[in-house]
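Please read the structure below before turning to the comments.
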Amino acid sequence: MPEATMTAAPAPARSSLANRWWRVAGTGFAFALFGLGGLLLGAVVFPLLLVAVRQPRRRSAIARGVIHHLFRVFVALMCGLGLCRLEVRGRERLQRRGLLILASHPSLIDVVFLMSLVRDADCIVKAALARNPFMRGPVLAAGYVFNDSGPGLIDDCVASVRAGNNLIVFPEGTRTPADLALGRLQRGAANLAVRGALPITPVRIRCEPRMLGKGVKWWRVPPTAGNFVIDIGEDMPIADHLAAEGAQALAARRLNDELARRLGAETPHAAA
């Protein structure tokens, strides 16, 4: 039986309305702290790291370690403030290296949760973040994969996993629509697994009630704190798909269908 861990928000002794306003204020504080932390990392910590560590790969590894530990503190803060609750099932499956982690994406903070759980985490980030004053320093120092690398994007991702990093990808490409358990999966993540012959570690993230979902402003907090459950599933080997299908495109489509089921798709049409 996989080990399950639980971080529970304290039960507040306040009225429902007062608790809701408390969570609005706490969410604003958390967002401000996150932005300030990004500025400080980019302006002070990572420039010092650039001077102190000359080897790029080691410098990126240290930067990712710093982000991992700070995100752990940030998640503990959010739970401690009563903004959310977090349960993790199968945590031990993330205590490895060289993983391709494909996760569902119901909330804005999914990546924060995952990067707090995963060491040596890499991820695909929007190129625009390199111009964002709050995020520029961290994403450049950590050496994350940018999504504007064109035909070389899959090669960069495969190289990252084979170097021992744990690559986090959200195959929906955006947050899950509020009325669905899982949005349509883009084919890129499955193509990455097929072309790199990389097994998939599926991660299903659920949140009830939904918070920080697609199209929802941060101050629109749910009636109660969001209860996040993160299920890390058993690895999905792809050797059988490649051997049985032959053609990579067909193998990727079949793999995408299986991944959609693992991530909680309600109908087979969730995979595109």
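Here is how the numbers come out for the structure above:
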{"quantity": "Of residues in the range 114-130 being in contact with a helix residue (DSSP H, G or I) (Cβ under 8 Å, 6 or more places away or on another chain) and over 18 Å from Glu92 (Cα atoms), the one surrounded by the fewest Cβ atoms within 10 Å (Cβ to Cβ)", "calculated": "Ala130"}
{"quantity": "Subset of the range 193-207 that is among the aliphatic types (A, V, I, L, M) and out of contact with any strand residue (DSSP E or B) (no Cβ under 6 Å at 6 or more places or on another chain) - its residue that is surrounded by the fewest Cβ atoms within 10 Å (Cβ to Cβ)", "calculated": "Ala197"}
{"quantity": "Some residue of the range 57-77 being at pLDDT 95 or above, surrounded by fewer than 17 Cβ atoms within 10 Å (Cβ to Cβ) and under 15 Å from Val221 (Cα atoms)", "calculated": "no"}
{"quantity": "From the options Ala190, Ala239, residue that is aliphatic (A, V, I, L, M), at pLDDT below 95 and either buried (at least 17 other Cβ atoms within 10 Å of the Cβ) or touching a Gly at 6+ places or on another chain (Cβ under 7 Å) (or both)", "calculated": "Ala190"}
{"quantity": "Residue tally, condition touching a helix residue (DSSP H, G or I) at 6+ places or on another chain (Cβ under 9 Å), assigned to a helix (DSSP H, G or I), more than 22 Å from Leu40 (Cα to Cα) and of a type in the set (D, E, K, R), over the range 133-171", "calculated": "2"}
{"quantity": "Failed criterion for Phe29 (all others in (1) touching a residue at least 60 places away in the same chain (Cβ under 8 Å); (2) farther than 22 Å from Leu114 by Cβ hold)", "calculated": "(1)"}
{"quantity": "Members of the range 12-71 that are over 25 Å from the mean Cα position of the chain (by Cα), of a type in the set (Lys, Arg) and in a helix (DSSP H, G or I)", "calculated": "Arg20"}
{"quantity": "Output for the range 14-40, where each listed residue is touching a Leu at 6+ places or on another chain (Cβ under 7 Å), of a type in the set (Gly, Ala, Ser) and under 13 Å from Arg220 (Cα atoms)", "calculated": "Gly26"}
{"quantity": "Top-ranked residue of the range 83-113 - restricted to ones that are buried (at least 19 other Cβ atoms within 10 Å of the Cβ) and of a type in the set (S, T, N, Q), ranked as nearest to Gly173 (Cα to Cα)", "calculated": "Ser104"}
{"quantity": "Filter result (at pLDDT below 90 and of a type in the set (D, E, K, R)) within the range 245-272", "calculated": "Glu245, Arg253, Arg254, Glu266"}
{"quantity": "Residue in the range 208-216 that is in contact with a strand residue (DSSP E or B) (Cβ under 9 Å, 6 or more places away or on another chain), within 29 Å of Ser160 (Cα to Cα) and among the basic types (Lys, Arg) present", "calculated": "no"}
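Quick grid of which residues meet (1) closer than 17 Å to Met78 by Cα; (2) modelled with pLDDT of 90 or more; (3) of a type in the set (A, V, I, L, M, F, W, C):
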{"site": "Ala11", "(1), (2), (3)": "yes, no, yes"}
{"site": "Ser15", "(1), (2), (3)": "no, no, no"}
{"site": "Leu40", "(1), (2), (3)": "no, yes, yes"}
{"site": "Phe46", "(1), (2), (3)": "no, yes, yes"}
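Here's the yes/no breakdown for (1) among the charged types (D, E, K, R); (2) outside any helix (DSSP H, G or I); (3) more than 30 Å from Val194 (Cβ to Cβ):
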{"residue": "Phe74", "(1), (2), (3)": "no, no, yes"}
{"residue": "Cys79", "(1), (2), (3)": "no, no, yes"}
{"residue": "Val88", "(1), (2), (3)": "no, yes, no"}
{"residue": "Arg93", "(1), (2), (3)": "yes, no, no"}
{"residue": "Arg97", "(1), (2), (3)": "yes, yes, no"}
{"residue": "Ile101", "(1), (2), (3)": "no, yes, no"}
{"residue": "Ser107", "(1), (2), (3)": "no, yes, no"}
{"residue": "Leu114", "(1), (2), (3)": "no, no, no"}
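Here's the yes/no breakdown for (1) surrounded by 18 or more Cβ atoms within 10 Å (Cβ to Cβ); (2) touching a residue at least 60 places away in the same chain (Cβ under 8 Å); (3) under 16 Å from Leu198 (Cβ atoms):
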site: Gly143; (1), (2), (3): no, yes, no
site: Ser160; (1), (2), (3): yes, no, yes
site: Gly173; (1), (2), (3): no, no, no
site: Thr176; (1), (2), (3): yes, yes, no
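The values are calculated or read from the model by the stated rules, or taken from the named source; none is laboratory data. Nothing here was measured: the structure is a model prediction, and the numbers come from that model. Ideal geometry is used to build each Cβ from the backbone, glycine not excepted, and the neighbour counts take in all protein chains shown.
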